[in-house]
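What follows is a set of notes on a single structure, which appears directly below.
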Amino acid sequence: MKELQWLEKGQEWLVTNGADFLVDLIAFLLILFVGSLVIKGLLKMTRLFLQAAPRINETLEKFIVNVTGKVLWIVLLMVALPRLGVDIAPLIAGLGVTGFIVGFAFQETLGNLAAGLMIVLNQPFKVDDYIDAGSHSGFVLEINMMATTMKTVDNKKVVIPNSKIWGGSITNYTAFDTRRVDLTAGISYSADIGKAREAISELLKNHELVLGDPKPQIEVVEMADSSVNLVVRPWCKTEDYWTVYFDVNRGIKETFDAQGIEIPFPQMDVHMVSTAPAQS
């Protein structure tokens, strides 16, 4: 019986409002269709504009286009839904309350998102750079809006939330084309400092990966307990850093051995004092 009543009411509603509803439904679908074409065109223009901007990288471009698309679709639905008799005023109010609750619940996530935005805007590093950040060191594999992925030198994958990176210091070892290699060479106090400096200078001059400009620095840096320490600071291309570091360290030892320049071991002078027993 109830089913017949519902069926009769449905038929009555179709007779009374069916034509108007059909017109509104067609208008709703037409608005969505035209709006989707407009959104597609606007996103294409936005993407082209961002690609032409020098400070906008691929990560930021995707993020801006994605957010812009979602916002435009929300606006389009707010324009189209009233055609179906949907009152969007309570929906807007509800979105405001929901947004506050979601923002409070996901404040850490939003913090990572904000930090990711700052990273892609300021570009303190890029993919393939070697950095110290977030208490980790490694090569950057990926940068997205939530986290940065690195590969350590011992081939481990590390994913760091962006807020941990942007909230601390960042050291980028590969930001520039050249780097200075800092080494220390110790010689004995009896060794000839000038001879040691000349030997190291010749070693650096003959190394094909050591740059002549800036000129390497070789100076006495410390009078240590057992040695006179020389600081050795050659420059090289960034990608040659470790090769130069290891080669020059080995070369200094071999050169000093060949030229008789002593590399001292730690020494300690012990003075024995003997007290003679008292004579009776």
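The values are calculated or read from the model by the stated rules, or taken from the named source; none is laboratory data. If you're wondering where the values come from, they're calculated on a predicted model, not measured in any experiment. Cβ placement follows ideal geometry from the backbone for every residue including glycine, while neighbour counts extend to all protein chains displayed.
Structure values in brief
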| item | result |
| --- | --- |
| Which numbered condition GLU219 misses (of (1) in contact with a helix residue (DSSP H, G or I) (Cβ under 6 Å, 6 or more places away or on another chain); (2) part of a strand (DSSP E or B); (3) under 27 Å from PRO264 (Cα atoms)) | (1) |
| Tally of residues being in contact with a Cys (Cβ under 8 Å, 6 or more places away or on another chain) and of a type in the set (D, E, K, R) across the range 144-179 | 1 |
| Out of GLY194, GLY168, sole residue that is exposed (fewer than 15 other Cβ atoms within 10 Å of the Cβ) and assigned by TED's automatic domain parsing to the domain that holds HIS136 | GLY168 |
| Evaluation of LEU42 against (1) farther than 30 Å from LEU29 by Cα; (2) surrounded by 12 or more Cβ atoms within 10 Å (Cβ to Cβ); (3) modelled with pLDDT of 85 or more (one fails), failing number | (1) |
| Any hit, the range 160-180, residues being under 30 Å from ILE261 (Cα atoms) and in contact with a strand residue (DSSP E or B) (Cβ under 6 Å, 6 or more places away or on another chain) | yes |
